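Report on the structure given below.
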Amino acid sequence: ERILRPEIGGIAGRGTALGVRGGKRGKSVDVLRGVVEKRERGKSGGLMGIGRNSRNSARPFVIVMIGINGVGKSTSLAKIAYYLQSNNCYPLLAACDTFRSGAVEQLSVHASCLSLPLYHQGYAKDPSSVAKAAINKATDDGNDVVLIDTAGRMQNNVPLMKALAKLVTETSPDLVLFVCEALVGNDGMDQLTMFQKALTSGGHSRPIDGIVLTKFDTVSDKVGAALTLTHLTGVPIAFCGTGQKYNHLKPLSVPFVIQSLFS
């Protein structure tokens, strides 16, 4: 605790590094295991073939990426896609940011670099409809995971937060991952709380499952941000972005935290 307190501060300083496991609800954020297990269940039921081009009547594993503007959602999505692709999964990228100019093109560049399929309908479309169509496309084409990119929005923008809740409700994703910067400080807690509230109010009951912490390599008090977020909310850290390349993505583990504390 004496080691952690200067890094964390406040109430979170009374926690331990084991807090990175988070998850008061106990849901796993092991993305690769989730994709593989769902794929194997489909195979055992005779519902899924093997390979990218197999016809597949089983629903793929669906991940929705959410967060405010400019935190690196699209890049983090591409890194997760690369991670899954490197472990024999077959991702489809879904461009559901139909608002920001250039968002579809940005995701298209990532898809091209990774040689992965991209589903989009351009701009000024209902994001929920695009997401559902992407899931249907992946189901037909045999992709075992769909990564849904969403428009960035400030946590106090009520109309956009309602639209996000609609997308999450209608697509019923396996995982909802909240993306934020490691250097965000106390505002990160406000962001996470407001997004969580949007997804669990107004008749919705779909909480955030995990956090993707970007720019983890750029700040000295990075561990404090990570532990504070997960300690106070119970939402575990799924991944940390540690650089600009596609392979610069690490699961947050206790050994990784200890190494970061002493680096």
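For this structure, a couple of remarks:
- Descending Cα extents along the principal axes, region 97-252, whole Å: 43, 39, 28
- Legend: residue pairs LYS38/LYS125; LYS132/LYS166; LYS38/LYS137; LYS38/LYS132; LYS38/LYS245, Cα-Cα distance threshold 20 Å; pairs beyond threshold, LYS38/LYS125; LYS38/LYS245.
- Loop-located trypsin sites (Lys or Arg not before Pro) in region 101-168 (DSSP state not H, G, I, E or B) with no more than 13 neighbouring Cβ atoms inside 10 Å do not occur.
- For ILE211, solvent-accessible area (1.4 Å; no DNA, RNA or ligand), Å²: 0
- Percent accessible area from carbon and sulfur atoms, region 70-177, protein chains only, probe 1.4 Å: 54
The values are calculated or read from the model by the stated rules, or taken from the named source; none is laboratory data. Values in this document were obtained by computation on a predicted structure and should not be read as measured data. Positions of Cβ are generated from backbone atoms using ideal geometry, with glycine treated the same way; all protein chains shown enter the neighbour counts. Note: accessible area is taken over every heavy atom of the protein model, side chains too, but ligands, DNA and RNA are not part of it. Shrake-Rupley method; radii C 1.70, N 1.55, O 1.52, S 1.80 Å.
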